[in-house]
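Chemist: For reference, the structure I am asking about is given below.
We did not get these values from a lab; they are worked out from the coordinates using the rules stated. Because the structure is a prediction, the values reported are computed rather than measured. Cβ atoms come from the backbone with ideal geometry, glycine included; neighbour counts cover every protein chain shown.
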Amino acid sequence: MNQGMIESPRYILDEIRMEAESLPCTRGLPLKIQSAPKGSGAVYAFPCFQYAKSIGKSPIETAEELAKEFNEKLNSDLHKKEFPHSLIDRFEALKGYLNVFAKEKALLARILNDLKDYGDEYGSYPDTHQTIVVDYCSPNIAKPLSVGHLRSTIIGQALINILRARGYRVEGINFMGDWGTQFGKLLYAFEQWGNEKKLAEEPIRHLLELYVRFHKEAKENPALEDDARAAFKRLQQGGEKERALWQRFRESSLEAFEKTVARLGVKFDHNWFESEFEERAHDLIEELLAKGVAEESKGAVIIPIPSPLEAGVWETPLLLRKSDGTTLYSARDLASALARIEDFEPVEKLIYVVGSEQALHFANLAKALERIGYPDILEHVRFGMVSLPTGKISTREGRVVYLDDLLDEAKKRAEDIIKEKNPDMPEDARAEVAKKVGIGAVIYADLSQDRIKDITFDWQKMLAFDGNSAPYLQYAAVRCAKILVKAEPGDRKRLEKPKDADIPRMVAEIEEPESIELLMALGRFPQAITEAAQRYAPHVLASCLYDLAAALSRFYTEVPVLKAETDAARLARLALVRATSRVLRKGLALLGIETPEEM
RNA sequence: GCGCCCGUAGCUCAGAUGGACAGAGCAUCACGCUCCGGACGUGAAGGCCGUAGGUUCGAGUCCUAUCGGGCGCGCCA
């Protein structure tokens, strides 16, 4: 969505890129800039193959010629006037690539400077004045949160945080499924087998029991389905008894959901209910019929979807209203989408963090919105299915892992490890740390990989505590914190109130490859936020943080901080450690993961 | 039957918009604390990127077939 957006660069790497791209000689040439590979020493590169071909020369020769020309331009008075604080040192040709080298010390100084100036805001971007509405979690009442909803919730929350850091105004909506024929089933089931006391004490478990029992009995006796439909009809028509009971299902469920989700650090901006769009859906259907967007078909109301390939061929339509006159989920979803557009006007995007299995529904919803006048507004941020080693998750058949159980187990395993690694930690502190580490591990296990892939649920993997895992990142942050705690008060004061003059002195001290690599890893953080936001891909941020933690671990073993040879070196390294600590914490927080002080 | 998604090291995964030798973690083997916490670091081994064609100066990435797995396909949500 940000592609082509012109913004003044806020961070150093973007600035270098802009400078390289705006050299007079690149204008008009078919040169695309890209990041240079890691060990090359360059920051950016222009591949010259295509251009070389167009002028009929070898890429190697072309790159060499361009390097010569670019270097001349770089040293010209014109360029120096346009970029008085130029950050590009030189261009070098290598194997058909034109590599852009930054002035290393200036680059390092700028990163340190950005870190100092922005403090905790480092990596964040200014307000874009654009609003994005994110639909996530969105469970069905009467079903407990299973590990499937875990994905929507943690991906959604991470995206919300990342988009906000990128400067978007975000409204997060939890859209509760509290309407539809299934509530007829529950109403009927409660009348038959319900237990008042259980409903008050354990609403979700009880509703699930009723749901499962209904389906079991309905298998033997299909007539129950009719009873359920009748019960739902009474609810729709405002039957007092049904209304009251349904209201109780709703309230107790929402309360339970919010409690569970709070354990993941998630709090919804808005709780919307599907049932509240029933009336609007009816009105909308009439309006769309009148406009000719919707039409009747076999007694139902649909929005026809033409095939993009063949004229006259129709694909599965978006079904709005059943032949019995009741609205369908699609209609309520469409009405709610329009409500979002109105309530939060102007809206840039409506994002739905929902599993891939609903791809068709959202593709059709997007086409419907397009016909109503909102093209390109809906974005289905899909993710793969979670299955269990024993097979597909099935609430009806009791094949589920509940979110609460998973989080309990995560905490327990983390506690065992803390007991082993850090036996002196007092018990109450241990419980608190175990919560952050265990739940962090669960969140990271999901967010560290591309969301599109299916996941087979695996305790081992969910609760990985070493290697590329949340605890590894948290551990790196904890090591930083420990160094800072042990630093002399005088040093800490200098770090708190740095002077501009400190920075050149620090840069002069940053010489070891581990230190430079660490600082460069810090420099890449802002770009990771941009890319993660553009692609709706939290794993881009996760992998940037992993690289940073790995750089810190190498730095930690190779470069002494408190026992540095000189005062100046110690201060410079302390500044690196402090910045790393902050960035790791912030990055993890964006993913929805807390960092303990010790572990 | 049609449509969408996935297939990269023994296992779990990065490699978006085609580009410089395909990278991590786990597991395996070998190393490393007189020094800020070893939930760590260093190294080794491990790959015809499912298969076959094609486009391109260049393909893990794009196209076409094909195999394997997942999901979906009008009155559920």
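Chemist: Have a look at the DSSP beta bridges in chain A and tell me what percent are antiparallel, nearest 5.
Modeler: Numbers: 25 of 48 bridges.
Bridges in chain A that DSSP calls antiparallel: roughly 50 percent.
Chemist: Dipole of region A:432-579, Cα-centred, from +1 at each Lys and Arg C-beta and -1 at each Asp and Glu C-beta, to the nearest 20 debye? Don't skip to the end; give the middle numbers.
Modeler: Values: 21 positive and 21 negative charges, 105 e Å.
Using Cβ point charges on Lys, Arg, Asp and Glu, region A:432-579 gives about 500 debye.
Chemist: Please work out the ratio of the alpha-carbon Rg of region A:245-362 to 2.2 N^0.38 Å and round it to two decimals. Mind showing how you got there, number by number?
Modeler: Numbers: Rg = 17.2 Å, N = 118, 2.2 N^0.38 = 13.5 Å.
My calculation over the Cα atoms of region A:245-362 gives 1.27.
Chemist: Give the long-range amide H neighbours of A:ARG90: residues separated by 5 or more places, or on another chain, with amide H under 5 Å away, using H modelled in the peptide plane at 1.01 Å from N.
Modeler: A:PHE101
Chemist: Using the 10 angstrom Cβ neighbour count as an exposure proxy, how do A:GLU191, A:GLU15 rank, fewest first? Each step should come with its number before you reach the end.
Modeler: Details: A:GLU191 14, A:GLU15 18.
Starting with the residue having the fewest Cβ neighbours, the order is A:GLU191, A:GLU15.
Chemist: Same structure, new question: Within region A:507-599, list the trypsin sites (Lys or Arg not before Pro) lying in a DSSP loop whose Cβ has at most 14 other Cβ atoms in a 10 Å radius.
Modeler: Details: sites: A:ARG524, A:ARG535, A:ARG554, A:LYS563, A:ARG570, A:ARG573, A:ARG578, A:ARG582, A:ARG585, A:LYS586; in loops: A:ARG524, A:LYS563.
Here the trypsin sites (Lys or Arg not before Pro) that fit, given the DSSP loop and packing criteria, are A:LYS563.
Chemist: Once phi is turned into θ = phi - 60°, what whole-Hz ³J(HN,Hα) does the Karplus curve with 6.51, -1.76 and 1.60 give for every residue of region A:528-541, x standing for Gly and Pro?
Modeler: My calculation for region A:528-541 gives 5, 5, 4, 5, 4, 5, 4, 9, 6, 10, x, 5, 5, 5 Hz in order.
Chemist: If eta is 1.002 mPa s and T is 20 °C, what Stokes-Einstein diffusion coefficient results for region A:351-413, Kirkwood Rh from Cα pairs, in µm²/s? Kindly include the intermediate steps, with their values, before the conclusion.
Modeler: Working: Rh = 14.4 Å.
Estimated via Stokes-Einstein, D reaches 149 µm²/s.
Chemist: Kirkwood Rh over Cα pairs of chain A into Stokes-Einstein at 37 °C, 0.692 mPa s: D in µm²/s? Mind dumping the intermediate values first?
Modeler: On the way: Rh = 27.6 Å.
For these conditions, the coefficient is 119 µm²/s.
Chemist: Nearest 0.05, what FRET efficiency do A:GLN34 and A:ARG229 give at R0 = 60 Å with Cβ-Cβ as r? Provide the component values of the computation, followed by the final result.
Modeler: Details: r = 59 Å, r/R0 = 0.98.
With R0 = 60 Å, the Cβ-Cβ based efficiency is 0.55.
Chemist: Right, another one. Over what distance in Å are the Cα centres of region A:397-440 and region A:356-390 separated?
Modeler: After rounding, the separation between the Cα centres reads 35 Å.
Chemist: Hey, how many Å between the Cα centroid of region A:276-352 and the Cα centroid of region A:92-139?
Modeler: Going from one Cα centre to the other spans 41 Å.
Chemist: A further question follows. Convert each backbone phi in region A:481-487 into a coupling constant with the Karplus relation 6.51 cos²θ - 1.76 cosθ + 1.60 (shift: θ = phi - 60°), then list the ³J(HN,Hα) values in order as whole Hz, x for Gly and Pro.
Modeler: 4, 5, 4, 5, 5, 7, 5
Chemist: Which of the GluC sites (Glu not before Pro) across region A:237-335 are loop residues per DSSP, with 14 or fewer other Cβ within 10 Å?
Modeler: Numbers: sites: A:GLU240, A:GLU242, A:GLU251, A:GLU255, A:GLU258, A:GLU274, A:GLU276, A:GLU278, A:GLU279, A:GLU286, A:GLU287, A:GLU295, A:GLU296, A:GLU310, A:GLU315; in loops: A:GLU310.
Passing sites in region A:237-335 are A:GLU310.
Chemist: Residue farthest toward the positive end of the dipole of region A:464-526, with Cβ of Lys/Arg at +1 and Asp/Glu at -1: which of A:GLY490, A:ALA476, A:ALA521?
Modeler: Toward the positive end, the furthest listed residue is A:GLY490.
Chemist: Here is a follow-up. With the dipole of region A:181-264 worked out from charges on the C-beta (+1 for Lys and Arg, -1 for Asp and Glu) around the Cα centre, which of A:PRO203, A:SER253, A:THR181 lies farthest toward the positive end?
Modeler: A:SER253
Chemist: Now a separate question. Calculate for chain A the 222 nm mean residue ellipticity that helices alone would give, adding -39,500 (n - 2.57) per DSSP H run of length 4 or more and normalising by residue count, nearest 500 deg cm²/dmol.
Modeler: On the way: 24 runs with 335 residues, N = 599.
Computed mean residue ellipticity for chain A: -18000 deg cm²/dmol.
Chemist: How compact and how long is region A:65-223, expressed as Rg and Dmax of its alpha-carbon atoms in Å?
Modeler: In Å, with Rg to one decimal and Dmax whole: 30.2, 88.
Chemist: First measure r as the distance between the Cβ atoms of A:LYS497 and A:LYS267, then evaluate 1/(1 + (r/R0)^6) with R0 = 41 Å and state the FRET efficiency to the nearest 0.05. Before the final figure, lay out each step's value.
Modeler: Working: r = 35 Å, r/R0 = 0.85.
My answer for the efficiency is 0.75.
Chemist: Taking region A:440-515, which trypsin sites (Lys or Arg not before Pro) meet the DSSP loop condition and have no more than 16 other C-beta atoms within 10 Å? List each step's numbers first, then the result.
Modeler: Values: sites: A:ARG451, A:LYS453, A:LYS461, A:ARG479, A:LYS482, A:LYS486, A:ARG492, A:LYS493, A:ARG494, A:LYS499, A:ARG505; in loops: A:ARG451, A:LYS453, A:LYS499.
Taking region A:440-515 and a limit of 16 other Cβ atoms within 10 Å, the loop trypsin sites (Lys or Arg not before Pro) found are A:LYS453, A:LYS499.
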